[in-house]
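The values are calculated or read from the model by the stated rules, or taken from the named source; none is laboratory data. For clarity, every value in this text was computed on a predicted model and none was experimentally measured. Positions of Cβ are backbone-derived with ideal geometry, glycine not excepted, and every protein chain shown enters the neighbour counts.
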Amino acid sequence: MKNKKLAGLLSLMFPGLGHLYIGRYADGIGFLLGGGVLWGAIVLKGSYLFEMGGLRTLIFWGGLIAVYLYALVDIVRRV
């Protein structure tokens, strides 16, 4: 049996790592891609994302938080 705390910690570090740890490879890759796209946008357009304000900023940061929270809740449920 896999360690629930370790799976949760891995998922907090980056979405999908906890899923890969417990052997749910398809879910893990999906979360890795989703989180990677959002973090890639931060790296490539970081200053723009911080300055744009308004609804776009809310949607972007809300999406990033949603991916992290969903990955964390999903991994804790599955272990």
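If you go through segment 1-14 one residue at a time, do you hit one that is out of contact with any helix residue (DSSP H, G or I) (no Cβ under 9 Å at 6 or more places or on another chain), at pLDDT below 90 and not charged (D, E, K, R)? Yes, some residue in segment 1-14 is out of contact with any helix residue (DSSP H, G or I) (no Cβ under 9 Å at 6 or more places or on another chain), at pLDDT below 90 and not charged (D, E, K, R).
Per-residue answers, yes or no, for (1) at pLDDT 90 or above; (2) in a helix (DSSP H, G or I); (3) under 13 Å from Gly18 (Cα atoms); (4) in contact with a strand residue (DSSP E or B) (Cβ under 9 Å, 6 or more places away or on another chain):
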{"position": "Gly36", "(1), (2), (3), (4)": "yes, yes, no, no"}
{"position": "Phe50", "(1), (2), (3), (4)": "no, yes, no, no"}
{"position": "Arg56", "(1), (2), (3), (4)": "no, yes, no, no"}
{"position": "Phe60", "(1), (2), (3), (4)": "no, yes, no, no"}
{"position": "Ile65", "(1), (2), (3), (4)": "yes, yes, no, no"}
{"position": "Tyr68", "(1), (2), (3), (4)": "yes, yes, yes, no"}
{"position": "Ala71", "(1), (2), (3), (4)": "yes, yes, yes, no"}
{"position": "Val76", "(1), (2), (3), (4)": "no, yes, yes, no"}
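Scanning segment 35-52 turns up at least one residue that is among the charged types (D, E, K, R), surrounded by fewer than 17 Cβ atoms within 10 Å (Cβ to Cβ) and over 30 Å from Lys4 (Cα atoms). A search for C-beta distances below 7 Å between a residue of segment 15-43 that is under 15 Å from Val73 (Cβ atoms) and in contact (Cβ under 8 Å) with a residue 40 or more places away in the chain and any residue that is surrounded by 15 or more Cβ atoms within 10 Å (Cβ to Cβ) and acidic (Asp, Glu), counting only pairs 6+ apart in sequence or on different chains, returns His19/Asp27.
With respect to Val79, determine if the residue is in contact (Cβ under 8 Å) with a residue 24 or more places away in the chain, surrounded by 12 or more Cβ atoms within 10 Å (Cβ to Cβ) and more than 12 Å from the chain's Cα centre (by Cα). It would help to see each step written out before you state the result.
Details: in contact (Cβ under 8 Å) with a residue 24 or more places away in the chain: yes; surrounded by 12 or more Cβ atoms within 10 Å (Cβ to Cβ): yes; more than 12 Å from the chain's Cα centre (by Cα): yes.
Against the criterion (in contact (Cβ under 8 Å) with a residue 24 or more places away in the chain, surrounded by 12 or more Cβ atoms within 10 Å (Cβ to Cβ) and more than 12 Å from the chain's Cα centre (by Cα)), Val79 qualifies.
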